[in-house]
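Notes for the one structure printed next.
Read the figures in this text as sums done on the coordinates, not as results from a lab. These figures come from a predicted structure and were not determined experimentally. Virtual Cβ from ideal backbone geometry, glycine too; neighbours counted across all protein chains shown.
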Amino acid sequence: MSEPYPTYVVDDDEAIRRSLSFMLKTSGFAVKLFDGGTAFLKEAADLPPGCVLLDVRMPDIDGLAVQRELRARGIMLPVVIMTGHGDIDMAVTAMKAGASDFIEKPFEKSALLGCIEAAQRLTVADRGASARTEDAKARLNVLTEREREVLDGLVEGLPNKTIAYDLGISPRTVEIHRANLMQKLEVKSLAEALRIAFHAGLAKNEA
């Protein structure tokens, strides 16, 4: 029988840590909790391979800085960024910097487990060939060329007005394309649409 897959929860909110610990343990994962980025980085090099659930906004050191430090130390644990409402730009930055995924709070159990299971399968070598990537590319194929251009702008973090200017269309038209692409992708939030775009490789990772 295989050992439970380790998950490392890094969040300064005690209630969230308790909730995630219960959810993950009852789903068969091994869980270790950290109350901030500093505490996690002290042990990161000695942790068994596993998935890091990393909060973005923490008082001691934010999640993006933790992620950068992991990379600087050559610690290639897959990172799932946990964001609150309004932190989408930070999540996009994290994905460009190599995070395996991000998930927006409050999240459903099935969505979180899906992120962890995908991270569990993820390696640097098979990132581009993963089934998740192929599925995301297939989902984007339903979009029109204009909808893809609008999505490209959203991936870059551009506001509707800037996308409209770049494409030579009105902001209202951008809003219509944005609503249409979200309907076609069967997503309810911009965060979900961006996740699909990143999984499909629409944005290049930053060095």
Given axes a ≥ b ≥ c from the Cα gyration tensor, I'd like to know whether region 1-50 is rounded (a/c under 1.5), prolate (a/b larger than b/c) or oblate. oblate
Using a Förster distance of 35 Å, the FRET efficiency for Met76-Lys105 (Cβ separation, nearest 0.05): 0.85
Taking a crude spin-label model, label points 7 Å out from Cα along the C-beta direction, the Leu190 to Arg57 distance in nm is 1.6
What FRET efficiency, computed as 1/(1 + (r/R0)^6) with R0 = 22 Å and r the Cβ-Cβ distance, is obtained for Asp35 and Arg68, rounded to the nearest 0.05? 0.65
Of the listed values (i) 0.93; (ii) 0.99; (iii) 0.95, identify the label whose number matches Rg/Rh (Cα atoms, Kirkwood Rh) calculated from this model. (ii)
Does region 59-182 come out rounded, prolate or oblate by the C-alpha gyration tensor, with a ≥ b ≥ c the root eigenvalues, rounded set by a/c under 1.5 and, if not, prolate when a/b is larger than b/c and oblate if not? prolate
Go ahead and estimate [θ] at 222 nm for the chain from helices alone: -39,500 (n - 2.57) per DSSP H run with n ≥ 4, summed, over the residue count, rounded to 500. -15000 deg cm²/dmol
Dipole of the chain, Cα-centred, from +1 at each Lys and Arg C-beta and -1 at each Asp and Glu C-beta, to the nearest 20 debye? 340
On full extension of the chain, what length is gained from Glu156 through Thr173, given 0.36 nm per residue of separation minus the C-alpha to C-alpha distance? 4.3 nm
Given Lys42/Lys109; Lys137/Lys188; Lys96/Lys188, which pairs have Cα atoms separated by over 26 Å? Lys42/Lys109
With a Cα-only, solvent-free Debye model of region 61-118, what are the log10 I(q)/I(0) values at q = 0.17, 0.19, 0.21, 0.22 Å⁻¹? -0.54, -0.67, -0.80, -0.86
Everything considered on the Cα gyration tensor (a ≥ b ≥ c; rounded for a/c under 1.5, else prolate if a/b is larger than b/c, else oblate), region 1-123 must be described as rounded
